[in-house]
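*Asks:* Please see the structure below; I have some questions.
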Amino acid sequence: MKNHDFTTLKLDDGTEMDAYIAIPEGEGKFPGIIVLQEAFGVNHHIQNIAERLCSAGYVAIAPDLFHRTEKRVDIAYTDFPKVMPHLQVVSQEGLTSDLHACYEWLQNEPATIKDKIGSIGFCLGGRVSFLANAILPLSAAVSFYGGGVDKMAGLAEKLHAPQLFFWGGLDKHILQETIDTVIHALKSAGKPYTNVVISNADHGFNCDERQSYHPEAASEAWSHTLAFLANKLKAVS
């Protein structure tokens with residue numbers, strides 16, 4: 001198996017799921033990261049995120065969360081109607097199977113430090129990264145503009161690791177009251193978090209393939225992300 005390619009995972013619900021993997025070259029062991037897609041598939045942008053994390057010294061795996069409707073969909077950012085049939089089938093039960101499969105793959109990958117696993121997600125994946133933190137023994141989790149996290153706020157008490165949130169202040173899909181619901185849940189549960197609202201950025205600001213891309217916000221958020229992950233996954237305790 002190549003160090004930068006798709007692999008196929010067998011899930012506990014009897015389905016199979018492809019996932020893009022990126023494993024650092026050279027000897028030694030590295031922390032693992034589950035990279036969770038936007039609503040547009042494990043496309044060039046998500047593969048690029050996996051590669052950037054790989055270059056930073058992480059074993060990355062990006063699962064195809066729409067595999068139950070169609071394998072490896074790659075939907076244009078301007079074609080949201082095509083997203084809906086796939087999005088409507090996504091369930092917490094199915095995502096749980098997907099996440100457990102990724103975690104097991106990381107546990108079985110020789111290059112991975114088994115107890116240093118994190119997650120990062122964007123849009124749909126931002127919500128799934130929150131779920132991952134609740135059901136897996138993670139050491140770090142990052143959510144970029146995760147729509148629907150407020151619907152999972154009840155899981156806050158189950159979070160295993162510190163959670164880093166990024167939101168766009170201009171995002172018309174995720175309003176301030178939605179963010180407040182999420183943060184209140186973590187505060188009430190006594191869970192560690194970092195909450196970043198970039199006032200002049202919109203939904204999808206991190207993606208350089210979207211109209212809403214904001215280079216300055218993306219650069220700052222990525223630097224913050226790398227520092228956060230290094231502190232949680234690379235620091236010697």
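*Asks:* Only one residue in VAL197, VAL182 is among the aliphatic types (A, V, I, L, M) and part of a strand (DSSP E or B), so which one is that?
*Replies:* After applying the criteria, what remains is VAL197.
*Asks:* Here's another thing I want to ask about it. Scan (1) crowded, with 21+ Cβ neighbours inside 10 Å; (2) more than 13 Å from LEU99 (Cβ to Cβ) for the single condition ASP115 breaks and write down its number.
*Replies:* For ASP115, the exception is condition (1).
*Asks:* Taking region 11-39 on its own, how many of its residues are more than 19 Å from VAL59 (Cα to Cα) and outside any loop (DSSP other than H, G, I, E, B)? Spell out the reasoning first.
*Replies:* Restricting attention to region 11-39, the residues satisfying the condition of being more than 19 Å from VAL59 (Cα to Cα) are 11-16, 38-39.
Of the ones still in play, those that are also outside any loop (DSSP other than H, G, I, E, B) are 16, 38.
Residues meeting the conditions: 2.
*Asks:* Which one of these is in contact (Cβ under 8 Å) with a residue 24 or more places away in the chain, of a type outside the set (Val, Ile, Thr), over 28 Å from THR194 (Cβ atoms) and surrounded by fewer than 24 Cβ atoms within 10 Å (Cβ to Cβ): HIS45, HIS67?
*Replies:* Matching residue, one of HIS45, HIS67: HIS67.
*Asks:* Give just the number: which of (1) touching a strand residue (DSSP E or B) at 6+ places or on another chain (Cβ under 8 Å); (2) loosely packed, with under 15 Cβ neighbours inside 10 Å does ASN206 not satisfy?
*Replies:* (2)
*Asks:* Search region 83-96 for residues that are part of a loop (DSSP other than H, G, I, E, B) and pair each with any residue that is polar (S, T, N, Q) when their beta-carbon atoms are under 9 Å apart and the residues are at least 6 apart or on different chains.
*Replies:* GLN88/THR69; VAL89/THR69; VAL90/THR69
*Asks:* Additional query: Would you please list the contacts, defined by Cβ atoms under 6 Å and residues six or more apart or on different chains, that run from a residue in region 19-30 that is among the β-branched types (Val, Ile, Thr) to a residue that is assigned to a loop (DSSP other than H, G, I, E, B)?
*Replies:* ILE23/ASN3; ILE23/ALA111
*Asks:* Can you name the residue in region 209-236 that is among the hydroxyl-bearing types (Ser, Thr, Tyr) and surrounded by fewer than 15 Cβ atoms within 10 Å (Cβ to Cβ) and, of all such residues, is nearest to SER129 (Cα to Cα)? Outline the logic, then answer.
*Replies:* Let us first name the residues in region 209-236 that are among the hydroxyl-bearing types (Ser, Thr, Tyr), namely 212-213, 219, 223, 225.
So of that shortlist, the ones also surrounded by fewer than 15 Cβ atoms within 10 Å (Cβ to Cβ) come out as 219, 223.
On the way: SER219: 21, SER223: 19 Å.
Per the stated criteria, the residue is SER223.
*Asks:* Hey, another quick one. Checking ALA60 against (1) part of a loop (DSSP other than H, G, I, E, B); (2) buried (at least 18 other Cβ atoms within 10 Å of the Cβ), which test does it fail?
*Replies:* (1)
*Asks:* Tell me, which residue of region 167-180 that is within 20 Å of the chain's Cα centre (by Cα) and either over 17 Å from HIS224 (Cβ atoms) or of a type in the set (A, V, I, L, M, F, W, C) (or both) is modelled with the lowest pLDDT?
*Replies:* HIS173
*Asks:* Against the condition assigned to a helix (DSSP H, G or I), touching a strand residue (DSSP E or B) at 6+ places or on another chain (Cβ under 9 Å) and farther than 19 Å from ILE49 by Cα, how does ALA101 come out, does it pass?
*Replies:* Details: assigned to a helix (DSSP H, G or I): yes; touching a strand residue (DSSP E or B) at 6+ places or on another chain (Cβ under 9 Å): yes; farther than 19 Å from ILE49 by Cα: yes.
For ALA101, the condition - assigned to a helix (DSSP H, G or I), touching a strand residue (DSSP E or B) at 6+ places or on another chain (Cβ under 9 Å) and farther than 19 Å from ILE49 by Cα - is met.
*Asks:* If you don't mind, another one. Which members of region 153-169 meet the condition of being without any contact (Cβ under 8 Å) to a residue 40 or more places away in the chain and either more than 19 Å from SER199 (Cβ to Cβ) or out of contact with any strand residue (DSSP E or B) (no Cβ under 9 Å at 6 or more places or on another chain) (or both)?
*Replies:* ALA153, GLY154, LEU155, ALA156, GLU157, LYS158, LEU159, HIS160, GLN163
The values are calculated or read from the model by the stated rules, or taken from the named source; none is laboratory data. Just so you know, these numbers come straight off a predicted model, no measurement behind them. FYI the Cβ positions are ideal-geometry reconstructions off the backbone, even for glycines, and counts take in every protein chain you see.
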